[in-house]
Amino acid sequence: YIGEVANVGSIYRTTSQSLQNTSSTIDNNRQAVIGVSSDEELTNMIKYQQAYNASSRYINVLSEMIEHLLTAMR
């Protein structure tokens, strides 16, 4: 009986290791297909943030100019 329990334990351990390897392989393949680089994404986010900030400053300057023009026309 002890031998059977040990054998079943060994089978489960082997199955678990096989499933972990399969999971790792699938995850690696998924990452290869997705092709997302965290560094590249962070760089893009910073670039977009800077563009947004520049656009915001531009809009603020235009708003102030329009306000000054309207004030001068009164």
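Throughout, read-outs are computed from the coordinates displayed, never taken from laboratory work. These numbers come from a predicted model, not from an experiment. Backbone-built Cβ (ideal geometry, glycine too); neighbour counts: all protein chains shown.
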For the range 15-45, the count of residues that are exposed (fewer than 10 other Cβ atoms within 10 Å of the Cβ) and β-branched (Val, Ile, Thr) equals 3
Checked against (1) of a type in the set (A, V, I, L, M, F, W, C); (2) under 24 Å from the mean Cα position of the chain (by Cα); (3) assigned to a helix (DSSP H, G or I), VAL5 satisfies every condition except (2)
